[in-house]
Amino acid sequence: MMEKWNEIFTGTIPAGNYQSFITQNEEDGLIVKLRSAEVVVTLDFGAITALRVLDEGIILGDLFNRDEIKRLKGEKFKNIIYLINDGEYGRFIEKIGSGIYDYLDMKHFVIVTMNYVIEVISEWEPEITLTDCIIR
């Protein structure tokens with residue numbers, strides 16, 4: 001199988017130039033806030049299995065499928081969040097997880113913003129909320 005990036009929640013997150021802000025702790029789980037000039041998008045994943053955060057500038061080259069990256073760069077990663085099938089990070093977590101990855105039907109999400117590429121392995125999809133951005 002080959003790595004495939006799939007758009008999810010299409011049209012839910014408005015296209016834009018987002019900076020990401022990440023909060024991860026035992027009480028709240030993972031919360032990713034995406035902030036643009038127009039809107040703040042909150043992705044609440046709750047408890048997750050794994051998280052990898054890398055600087056956007058270094059990551060897109062050799063870690064992901066080049067054809068998928070080329071296609072999505074042409075679209076300026078307009079969907080912001082993607083579900084990856086057969087991705088390197090998902091395979092790594094599957095390998096070290098003693099069968100739990102398949103048993104729990106875990107999902108491999110990737111969020112691409114101006115400052116980070118965020119990979120999340122989780123059983124659940126995030127809860128997404130949008131708030132108007134007020135600049136003072």
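Bear in mind that the values in this text are calculations on the coordinates, not laboratory data. What you see is a predicted model, and the numbers here were worked out from it, not measured in a lab. Every residue, glycine as well, gets a Cβ built from its backbone with ideal geometry; the counts of neighbours run over all protein chains shown.
Taken one residue at a time, the phi angles of segment 93-105 give Karplus couplings (6.51, -1.76, 1.60, θ = phi - 60°) of 5, 4, 5, 8, x, 6, x, 5, 4, 6, 4, 8, 6 Hz. Gly and Pro are set to x. Label sites at residue 24 and residue 98, each approximated as a point 7 angstrom past Cα along Cα to Cβ, lie 2.2 nm apart. Around the Cα centre of segment 4-132, unit charges on the Cβ atoms of Lys, Arg, Asp and Glu (plus for the first two, minus for the last two) sum to a dipole of about 560 debye.
In this label model, residue 44 and residue 125 are separated by 1.7 nm, measuring between points 7 Å along each Cα→Cβ vector.
Between residue 48 and 30, the built amide H atoms are under 5 Å apart, and every one of these is 5 or more places off in sequence or on another chain. Built from the Cα atoms of segment 4-132, the convex hull projects on average onto 7.7 nm², one quarter of its surface area.
Among the lysines of the chain, pairs at least eight places apart or on separate chains and with Cα atoms under 16 Å apart come to 5. Computed 3J(HN,Hα) for segment 20-31, one whole-Hz value per residue from the Karplus formula 6.51 cos²θ - 1.76 cosθ + 1.60 where θ = phi - 60°, is 10, 10, 10, 10, 9, 7, 5, 6, 9, x, 9, 10, glycine and proline marked x. Highest GNM mean-square fluctuation among 26, 125, 88, for the chain modelled with Cα contacts below 10 Å: 26. Remark on segment 17-57: Rg and Dmax equal 11.2, 31 Å (Cα only).
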